[in-house]
Every structure is written in C-alpha cells, then in structure tokens.
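**Student:** Here it is, the structure in full.
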Amino acid sequence: MTETNTNRAREMMQSFWCVQRVLIRLMHQTAQQNDLTLPQLHGLMMLNEQDAITQKELVQRTRIPKSTLSQSLDGLVEKGLIRRDINPDNRREVVLTIDQSGKRLIEEIEKQEEGTEYHMKNFTIVSSLKKVV
C-alpha cells in the first residue's frame, strides 16, 4: 500500500470513529431527554420491532449483559412501558411485550430523531462544502 493510500485509509477510519462517537452521543441525549438509560432505550426499540420476545432472545439480540438488561427491563416495567409475562407453554421463560405507552414513547422518539436527521444532513453538507472550498 502506498503512503497516500495509507493516509486515506487512516483518514477514513478516523471519520468513521468520529461519526460513531457522534451517534453514541446522540443516543445518550435521546435516552436522557426521555428519562431512559441507554440500555432501556435499546431494549425498548428492539421490543417495538417484535410482537413478543423472550428475555433470553432480547439479551442475544441487544448483546447487553443479562444483569444490565434485567435491571433496565425492571425500570421499563415500573414506568409501564413494557410487560413481563410468564410463557404459558414454558413457565421458566419470561415473555416481554411493549405496552401502548411504550409504543407512544417510541413514536415521540422517532419524531425527535427526524429533527436530528435533518441537522445531521445539514452538518454533512456543510462539512463537505468546507472540504471543497
């Protein structure tokens, strides 16, 4: 690899890391604005995509440690955003479902994200223009 290609690759990786940091910061802000922790937000968003899911499946999909996710789910249950029910077919399994209030909160968050997307697009355009100029 030539020195120019190496520099371009390094710049590209730094750009990806920068975007990742910005996205993580935005997710933290979104969670805080909605009185949630980041694991709660992640779990709630995953539950919104499913009709019902076991806690074990949610751990696998989110890759959040079981103890962290369990505590996060406790908070979501207390807030009335999700329900935990025993699986009637397997009493050792807990089935999670999102409540109407949880769905409404996700709708509000999606509206907030639309505004964020608008600002990100403008930021990208401005950044691109600065590089050209």
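Bear in mind these aren't lab numbers, they're just calculated from the coordinates by the rules spelled out. Values in this document were obtained by computation on a predicted structure and should not be read as measured data. Every residue, glycine as well, gets a Cβ built from its backbone with ideal geometry; the counts of neighbours run over all protein chains shown.
**Student:** What is the distance in Å between the Cα centroid of the range 1-76 and that of the range 87-106?
**Tutor:** For the range 1-76 versus the range 87-106, the Cα centre distance is 21 Å.
**Student:** Moving on. For an R0 of 41 angstrom, estimate the FRET efficiency from the Cβ-Cβ distance between R21 and R91 and round to the nearest 0.05.
**Tutor:** 0.40
**Student:** Still on this structure: Shape call for the range 1-124 from the C-alpha gyration tensor, a ≥ b ≥ c root eigenvalues: rounded (a/c under 1.5), prolate (a/b greater than b/c) or oblate?
**Tutor:** Details: a/c = 3.13, a/b = 1.84, b/c = 1.71.
Prolate shape, in that a/c is at least 1.5 and a/b is the bigger ratio.
**Student:** State the extension gain, in nm to one decimal, for the chain segment bounded by E3 and E78, taking 0.36 nm per residue of separation less the distance between their alpha-carbons. Write down the numbers at each step before the final one.
**Tutor:** On the way: separation 75, 0.36 × 75 = 27.00 nm, distance 5.64 nm.
Gain on stretching E3 to E78: 21.4 nm.
**Student:** Using the beta-carbon distance between D51 and M12 and R0 = 41 Å, what value does 1/(1 + (r/R0)^6) give for FRET efficiency, to the nearest 0.05? Could you put the intermediate results ahead of the total?
**Tutor:** Details: r = 40 Å, r/R0 = 0.97.
Approximately 0.55, to the nearest 0.05.
**Student:** Shifting gears a bit: Check D99: other-chain or 5+ apart residues with amide H under 5 Å from its amide H, H built from backbone geometry?
**Tutor:** The answer is I82, R83.
**Student:** Taking the range 1-56, which GluC sites (Glu not before Pro) meet the DSSP loop condition and have no more than 16 other C-beta atoms within 10 Å?
**Tutor:** Listed in order of number, the matching sites are E49.
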